[in-house]
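The values are calculated or read from the model by the stated rules, or taken from the named source; none is laboratory data. These numbers come from a predicted model, not from an experiment. FYI the Cβ positions are ideal-geometry reconstructions off the backbone, even for glycines, and counts take in every protein chain you see. These accessible areas exclude ligands, DNA and RNA; they are computed on the full protein's heavy atoms, side chains included. Shrake-Rupley method; radii C 1.70, N 1.55, O 1.52, S 1.80 Å.
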Amino acid sequence: MNGFVWIDIVLFTILAATAVGLARTRQLFAAAMLSGLFSLTSACIFVLQDAVDVAFTEAAVGAGMTTVLFLGTLALTRSREKVTPPRRSIPAALIAIFTGGVLIYASTDMPPFAAADTPVQQHPLTQRFLDDSMTEIGVPNVVTSVLASYRGYDTLGETVVVFTAAIAVLMLLGRGRPATSAEPKPREALPQPIQHDQRVLRVVSKLMLPFILLFALYVQFHGDYGPGGGFQAGVIFASGLILYALVFGLDAARAAVSPAALRRMVPLGVLIYAGVGFATLLLGGAFLDYNVLDAHDPAHGQHLGILLVELGVGITVTAAMLMLFYSFAARGVGR
Amino acid sequence: MSPLEWISNLLLGAGLLCLFTGALGLYRLPDFYSRTHAASIIDTAAAALVVVGLALRSDSFATIVRLLLILLFMFFTSPTASHALAQAALQDGLRPWLAKRPRKTRARSGGAAE
């Protein structure tokens, strides 16, 4: 047994312990933190399984963004779970036992851990992508070439999902500004500018911000070569700005990136993505067939297409995440 | 074993000791502030020692630079996080736990925490 298996065992143990703790705690702040820990541990497991891109997303979205949004929600509600008296219900217990039994029964059909003869490993498509991606698309990171080119249509769907989610939250929470001025004290919200005695926090976050934003751009445009891409970059960019909002106040963040600009950026990203698709249609190719973007070298067309498409994803994700945060933050009425 | 590996082992061992101390403190110390203090040992001293220990073991220059950048990043963020945590608790009105001592010490330690 090599060392990696031990690390796997330890991480899975932490994961299980976190899940149990998450289910048992009644303090919602602790639950938000534990869910962040759960995501971070999952991200570590993904790294061990060489799925760096997924780990990146999990760490940025699960541990970073979701925790912030949970905290934003907790600022709107109370931070303790409502205590419901425990009742013993026979049908509920039966359903739980039945579902659990079915899941355990189904899990016996799963391949053993790290089995080499699973469909995922043996399907001819896997070998096809791994072998031909370099010649057809010329992008070293196969994950990016699959995500943005081979399965570009699916990714367009995912971007539209992010777009739809942003619209839905806006409809539920309002446009990131209190709807009426009747609410007397919306300023008690979570991103109250932290008092000036928080000098350490201000100085260090100001020091870190340029690097966070630069790193987001690196992840965005280096996604063809290393792990990363539009989704991760968008979340990192948004979390940098959220850090700014948390430390310097919502108004400062709104002055830096106005909600009106965000409202335009969310659909803009989807439009860029779909626009690339229509451009390829007009140039005589199939929808999202980037080969036709460059008349001379199909690989160059692929590069350009992937760059544009990832840019669209990045813009939509950044704007959607920030907009979610703004809407949550602007509604806060103190807890 | 080369001297570099010895130093690396020494640093890694010291890092593990710090990790253990921090974990023990997190588990055993009585109140929020002292536990934060224990936790901050983990992500400053322990992390720094482990990262430097690993950097001494690495034979690729790029990896060493990356590890040092991580170290630099942690040097800025970890103490700030602990500081912000403690300050937030203080602003929220959480009093530090103090053993039975005269009132004078209490006032002084309150000022020190700020």
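Quick notes on this structure:
- Top-ranked residue in the stretch A:277-293 [being under 12 Å from A:TYR153 (Cβ atoms) and hydrophobic (A, V, I, L, M, F, W, C); ranked as least open to solvent (accessible area, probe 1.4 Å)]: A:LEU288
- Boolean, A:ASP224 is at pLDDT below 90, under 15 Å from A:LEU147 (Cβ atoms) and among the acidic types (Asp, Glu): yes
- Enumeration of residues in the stretch A:204-213 that are facing chain B (nearest Cβ under 9 Å) and either closer than 22 Å to B:GLN91 by Cβ or within 24 Å of the chain's Cα centre (by Cα) (or both): A:VAL204, A:SER205, A:MET208, A:PHE211
- Complete set of residues in the stretch B:2-37 that are within 16 Å of B:SER82 (Cβ to Cβ) and among the hydroxyl-bearing types (Ser, Thr, Tyr): B:THR21, B:TYR33, B:SER34, B:THR36
- Within the stretch A:144-153, the residues that satisfy the criterion of being open to solvent by less than 70 Å² (accessible area, probe 1.4 Å) and out of contact with any Leu (no Cβ under 6 Å at 6 or more places or on another chain) are A:THR144, A:SER145, A:VAL146, A:LEU147, A:ALA148, A:SER149, A:TYR150.
- Checking B:ARG57, B:ARG66 one by one, the residue that is charged (D, E, K, R), modelled with pLDDT of 90 or more and over 18 Å from the mean Cα position of the chain (by Cα) is B:ARG66 and no other.
- Inside the stretch A:256-274, residues that are open to solvent by 30 Å² or more (accessible area, probe 1.4 Å) and either in contact with a Gly (Cβ under 6 Å, 6 or more places away or on another chain) or part of a helix (DSSP H, G or I) (or both) make up a count of 10.
- Residues within the stretch B:26-54 that are more than 17 Å from B:PRO79 (Cα to Cα), modelled with pLDDT of 90 or more and open to solvent by less than 30 Å² (accessible area, probe 1.4 Å), tallied: 1
- Residues of the stretch A:92-146 classified as modelled with pLDDT under 85, farther than 30 Å from A:PHE221 by Cα, polar (S, T, N, Q) and assigned to a loop (DSSP other than H, G, I, E, B), total: 1
- Failed item, numbered, when A:GLY249 is tested on (1) open to solvent by 10 Å² or more (accessible area, probe 1.4 Å); (2) over 30 Å from A:GLY152 (Cα atoms): (1)
- Any hit, the stretch A:311-321, residues being assigned by TED's automatic domain parsing to the domain that holds A:GLY249, open to solvent by less than 40 Å² (accessible area, probe 1.4 Å) and farther than 22 Å from A:PHE237 by Cβ: no
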